[in-house]
Structure formats: C-alpha cells, structure tokens
C-alpha cells in the first residue's frame with residue numbers, strides 16, 4: 001500500500017498540482033521495510049509519468065496555440081531557451097516552480113517524446129537518489 005501511495009504522490013507532484021513526494025519518500029525510507037532501490041524506482045516512475053502527462057498536455061495545447069502566438073518578452077525568452085538547449089534542459093524538470101511548466105513547454109514546442117522522457121527520467125532519478133542519501137546518510 002505504501003508503494004502505491006508513493007507512486008501517486010510522485011505522479012501528482014510532477015503535475016501542476018502541489019505535492020510532497022520527497023517527504024513521502026523520506027518518510028518511507030526511514031520507516032519501511034521496502035528496499036531503498038525499490039522506493040527510488042517507484043518514485044521515479046510516478047514522477048516521470050506525471051511529467052510526461054504534462055508533456056502530453058503541452059502537445060495538445062500546441063495543436064491550437066502555436067509558439068508564434070506569444071507576444072510577451074519573457075514568454076519568448078523561455079521558448080528561445082528551450083529551443084536552444086532542447087531536451088537536455090528537461091534534466092531540470094525536477095525543480096520546483098519551473099519544472100512542471102518546462103515539461104508542458106517541451107510538449108508544446110513538440111520536442112521529441114523519447115529524448116524528453118530520457119532527460120526527465122534522469123533528472124527525477126537523481127533528485128530521488130539525493131533525497132534517499134540525505135535521509136539515510
């Protein structure tokens with residue numbers, strides 16, 4: 001049951017809804033009999049699937065609203081960064097506040113799904129490994 005809760009928390013945390021998957025992971029790492037590797041894998045899968053859901057929402061948005069329709073300077077700057085650095089920028093998708101919109105923007109700009117998935121997964125995995133390390137030290 002705790003693994004499903006971790007998965008759900010990680011999934012929700014990777015969408016535009018607030019969540020605390022790091023806290024759930026830290027609690028389970030300190031208080032469960034499950035292996036730490038299993039906890040990291042479950043959290044990474046949930047968080048990555050949530051991020052790819054955001055990517056998919058961005059892709060759907062791109063059908064109606066193209067990037068050329070942006071007029072604000074800060075919006076254009078964000079698009080330029082993502083176009084310049086591409087999918088590797090999604091390594092930062094774990095960051096609070098900017099990570100979820102970054103995934104939506106990647107889908108909206110029609111970045112290929114496979115490199116996006118890989119870079120999102122690596123970023124999420126590294127974050128959870130650090131959380132485990134900090135909790136279990």
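The values are calculated or read from the model by the stated rules, or taken from the named source; none is laboratory data. In this text, all values refer to a predicted model and were calculated from it rather than measured experimentally. Don't worry about glycine lacking a Cβ; one is built from the backbone with ideal geometry, like all the others, and counts go over all protein chains shown.
Need pairs with beta-carbon distance below 8 Å; first residue at positive phi and at pLDDT 90 or above and within segment 80-98, second in a helix (DSSP H, G or I) and surrounded by 13 or more Cβ atoms within 10 Å (Cβ to Cβ); sequence gap 6+ or separate chains.
Going by the 8 Å Cβ cut-off, the qualifying pairs are 86/115.
Is it the case, given these coordinates, that residue 67 is in contact with a helix residue (DSSP H, G or I) (Cβ under 6 Å, 6 or more places away or on another chain), within 23 Å of residue 21 (Cα to Cα), surrounded by 13 or more Cβ atoms within 10 Å (Cβ to Cβ) and modelled with pLDDT under 90?
No.
Does residue 19 fit the bill of being under 13 Å from the mean Cα position of the chain (by Cα) and either surrounded by fewer than 19 Cβ atoms within 10 Å (Cβ to Cβ) or free of Cβ contacts under 8 Å to residues at least 40 places away in the same chain (or both)?
yes
Just to be sure before I move on: is residue 41 in contact with a helix residue (DSSP H, G or I) (Cβ under 8 Å, 6 or more places away or on another chain), modelled with pLDDT of 90 or more and surrounded by fewer than 18 Cβ atoms within 10 Å (Cβ to Cβ) in the structure I sent?
no
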